[in-house]
Structure formats: C-alpha cells, structure tokens
Amino acid sequence: MTRRSLLLTLLAVLVTTTSACAQTGASRGGSPEPARLWAGMIQSKGYVVGSALTQSGLIQFERDSSWTHYGWNTPRIVGLTYDPARPQTMFVASGNGVLRTRDGGASWRLTTDWRITEVQDISLDPHAPDHVYLASAYGVWRTEDGGETWVESNDGLLPPGDHYTQTIEVDHTRQGRILVGTEGGVYESTDGARSWHHVGGDPEVEILDLQQSRSDPDVWIAATYRHGLILSRDGGRTWTDGPASIASQSVHGVAIDPTDARRMAAVGWGTGVVVTEDGGRTWARRGATLPTDNFYEAVFDANVPGRLWVATLEEGVYHSDDLGQTWTSAGLYGTLVFDMAYVYPASR
C-alpha cells in the first residue's frame, strides 16, 4: 500500500469513527432520560369496607398523561425510595410491610415478616444503598443487607412503648445520618439508626412529613399535626416555626423544588395549598380554582422546572406551572394519593 493510499484509508476510518461517536453523543445528550413520577393510591371514593378492592397501589405517570399500575393490588402504599445508582431497585412502604423490586416494578417481594406492619414511610441511604430505614406505628426498623433482614432501632426514640413514627428521611449528604418525625417532634441519628436524640419541634407536636432540599441540603421542612410548618436552615439541627397563617392547622405534605430551595409548598386538609418563593419568609395561599381545600400530598416536578403537583382528597391530581395560579388536571378522580415521588435515572 502506498503512503497516499494509507493516508486515505486512515482518513476514512477517522471520519467513520468520528461520525459514530457524534451520533452516540447526540443520542445521549439530545433527550436526557426523564425522571419518573410514581404515586401510591387507593380508589377510595364510594368504596364500601368489605367489598372487592378496585385497582389500587403503586402507579406511574406516563408520557401520554395516563397512569400505569405496577405490582400488587393493595390499598395502602405510603412511601417509596430507590437506589440512585440502580434506580430499578425500589422499596415501597405498605400497610403490610416493605416491598422490594429489582427490575423497575415488574416483580415484587415482601421483605418483612409479621413483626413489621403499619409502615408509614421509608428511606434509603444513597451512600450505602443496602441500608434502608422505615418508620412505622411501632417505631424505626433498619436493614443493612437490602431488605434480607430487619432490626428494630428505637434506642433513645421517645419513651419505651411509645414509638409511633410517621416520616423518615436519610440526609443525602452524609452516610448514616437520618431524621425521623414522631409524635414528639423531630429526632436525629448519626449512627445509622442505632441511637436517636431530639433536635426539633415541640415534644407535644406530631410530625407528619419531612423533606430535605435536593439543591441545598441545609434546608429542611416538616409538616405537623395542628402546628403548621417548622423549618430548618442548618441541616436539620435547629428548627423554627413557619407562617403564622397556618400555625394552628394540620399540614399533611410538604415539597421543595429540586432546582431552587427557596421555592416550597405545603398542603393539608382544610389548609389548601400554601407556597413560598423566598425560602419561607413570606407565604401565599393558592388553589382557589381547585375543587377542594383538602389535600394529602405535594411534589415538585423533576423534569419541568417550577411545576408543582398536588393530590386532593378524592377530587383528582393537578399540576401547576405558575406556582398555583392556574391548574391542569392529571386524572385520578376518586382516589386518595398517599405519596408522590420522582425516581431519577442513574445519569442524574
């Protein structure tokens, strides 16, 4: 082969390789994989106790704006967590215990036994994804082997025999640090739930929901029963009261925009939708055009910046792109939605 022929051959290989790489890069960068919205719900409107249960349990919002049911038909799915490095692995909290999938919801296994029921919430440690923590009517339990075994973990948590816990969140910046909401305020563990101490909220205040900001991990917000909101701006170590306008009301769900920690929302039964855009300094009530003032859950969209989703009591799910000024229906009329959560792809 002559030098000229060799150069032409090398040039052709280079062009082909560059083109292939460009196409691969375009496919990866052109349309990033979206996060997926999951919800735990029950078809509650008109339901008669003892009758056959209509399709309820875990559902996913699809690109065509429909909802798809996954897994078992169960009346109470109240929390979801997942491994951020392997998002096909998810754990859900249910009335009967903890369910696990390793294939994105195609198949499920009950990981708990008769000792663990009335599970209220669940959270996975992203720095140690086999470490998962649950909150239940009987306190906190932990697993360090991906759900194969569970250990009761209530040392220091409220008086003995009074371990009701409603909500639990792992600090996504520090392995083994967890906050849990109880009937007596917020408790913290820094050793993987082996011990607990009180950090916030009046000892008589029941915590119903806890959320940590994805973009500013120092920002936390908690929903309470008949005490409005409490907030932390130092990583959950100290807490202050939220807006006086809802200080005596029950708030069931709180949310923080994943792209802007200054933007938060809170919802409750009779509380309506209240929002802030300045980190909690001022709050405004929204949702006057919605069919009810009773809400159970809220979440900010992981794909559309600023979009807020709310779940009403049996009047459907709605989302807003202007922080509650106007709303669009997303279906699910007649349901009670206990939880809404986004599962991010591993690339995000």
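If you take the residues in the range 288-307 that are under 30 Å from Pro32 (Cα atoms) and touching a Gly at 6+ places or on another chain (Cβ under 7 Å), which one is surrounded by the fewest Cβ atoms within 10 Å (Cβ to Cβ)?
Of all residues in the range 288-307, those under 30 Å from Pro32 (Cα atoms) come to 297-307.
Narrowing the set further to residues that are touching a Gly at 6+ places or on another chain (Cβ under 7 Å) leaves 297-298.
On the way: Glu297: 25, Ala298: 27.
Among them, the one singled out is Glu297.
The residues of the range 205-215 that are more than 15 Å from Ala247 (Cα to Cα) and outside any loop (DSSP other than H, G, I, E, B), listed by number, are Asp209, Leu210, Gln211, Gln212. Please indicate, with yes or no, whether at least one residue in the range 245-254 is in a strand (DSSP E or B), more than 19 Å from the chain's Cα centre (by Cα) and hydroxyl-bearing (Ser, Thr, Tyr). Looking for residues that are in a strand (DSSP E or B), more than 19 Å from the chain's Cα centre (by Cα) and hydroxyl-bearing (Ser, Thr, Tyr), one finds none in the range 245-254, hence no. Could you list all residues from the range 312-348 that are without any contact (Cβ under 8 Å) to a residue 24 or more places away in the chain and either out of contact with any strand residue (DSSP E or B) (no Cβ under 8 Å at 6 or more places or on another chain) or among the acidic types (Asp, Glu) (or both)? Correct list: Asp321, Asp322.
Kindly indicate the residue of the range 75-100 that is crowded, with 18+ Cβ neighbours inside 10 Å and not in a strand (DSSP E or B) and also modelled with the lowest pLDDT among those meeting that condition.
Of the residues in the range 75-100, the ones crowded, with 18+ Cβ neighbours inside 10 Å are 75-83, 87, 89-94, 97-100.
Then drop every residue that is not not in a strand (DSSP E or B), which leaves 75-76.
Details: Pro75: 88, Arg76: 92.
Filtering the range 75-100 for residues that are crowded, with 18+ Cβ neighbours inside 10 Å and not in a strand (DSSP E or B), the one modelled with the lowest pLDDT comes out as Pro75.
Within the range 27-54, the set of residues being assigned to a loop (DSSP other than H, G, I, E, B), surrounded by 11 or more Cβ atoms within 10 Å (Cβ to Cβ) and more than 17 Å from the chain's Cα centre (by Cα) comprises Pro32, Glu33, Ser44, Lys45, Tyr47, Leu53, Thr54. Per the conditions (1) in contact with a strand residue (DSSP E or B) (Cβ under 9 Å, 6 or more places away or on another chain); (2) surrounded by fewer than 18 Cβ atoms within 10 Å (Cβ to Cβ); (3) not in a strand (DSSP E or B), the sole criterion not satisfied by Arg285 is (3).
Mind telling me which of the residues Asp113, Asp103 ends up being among the acidic types (Asp, Glu), in a loop (DSSP other than H, G, I, E, B) and touching a Phe, Trp or Tyr at 6+ places or on another chain (Cβ under 9 Å)? Give the steps one after another, and end with the answer.
Details: Asp103 fails: touching a Phe, Trp or Tyr at 6+ places or on another chain (Cβ under 9 Å).
Matching residue, one of Asp113, Asp103: Asp113.
For first residues located in the range 25-51 and under 30 Å from Pro258 (Cα atoms) and modelled with pLDDT of 80 or more, partners that are in a loop (DSSP other than H, G, I, E, B) and of a type in the set (Phe, Trp, Tyr) and lie 6+ apart or on another chain with Cβ distances below 6 Å form the pairs Ala35/Tyr344. Residues satisfying the criterion are present in the range 226-238 (criterion: touching a residue at least 60 places away in the same chain (Cβ under 8 Å), of a type outside the set (A, V, I, L, M, F, W, C) and on the phi > 0 side of the Ramachandran plot).
Go through the range 74-111 and count every residue that is among the polar types (S, T, N, Q) and farther than 18 Å from Ser347 by Cα.
Of all residues in the range 74-111, those among the polar types (S, T, N, Q) come to 74, 81, 88-89, 94, 96, 101, 107, 111.
Checking which are farther than 18 Å from Ser347 by Cα leaves us with 74, 94, 96, 101, 107, 111.
Of the residues in that region, 6 qualify.
Table: residues versus (1) under 26 Å from Thr271 (Cβ atoms); (2) in contact (Cβ under 8 Å) with a residue 60 or more places away in the chain; (3) outside any loop (DSSP other than H, G, I, E, B).
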| site | (1), (2), (3) |
| --- | --- |
| Pro159 | no, no, no |
| Ile168 | yes, no, yes |
| Leu179 | yes, no, yes |
| Asp191 | no, no, no |
| Pro203 | yes, no, no |
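Given the condition surrounded by 21 or more Cβ atoms within 10 Å (Cβ to Cβ), more than 16 Å from the chain's Cα centre (by Cα) and part of a loop (DSSP other than H, G, I, E, B), answer yes or no: does some residue in the range 257-273 qualify? Looking through the range 257-273, at least one residue is surrounded by 21 or more Cβ atoms within 10 Å (Cβ to Cβ), more than 16 Å from the chain's Cα centre (by Cα) and part of a loop (DSSP other than H, G, I, E, B).
Can you confirm whether Thr149 is out of contact with any His (no Cβ under 6 Å at 6 or more places or on another chain) and surrounded by fewer than 17 Cβ atoms within 10 Å (Cβ to Cβ)?
Details: out of contact with any His (no Cβ under 6 Å at 6 or more places or on another chain): yes; surrounded by fewer than 17 Cβ atoms within 10 Å (Cβ to Cβ): yes.
Yes: the conditions hold for Thr149.
The values are calculated or read from the model by the stated rules, or taken from the named source; none is laboratory data. What you are looking at is a predicted structure, and each value in this text was computed from that prediction instead of being measured. Positions of Cβ are generated from backbone atoms using ideal geometry, with glycine treated the same way; all protein chains shown enter the neighbour counts.
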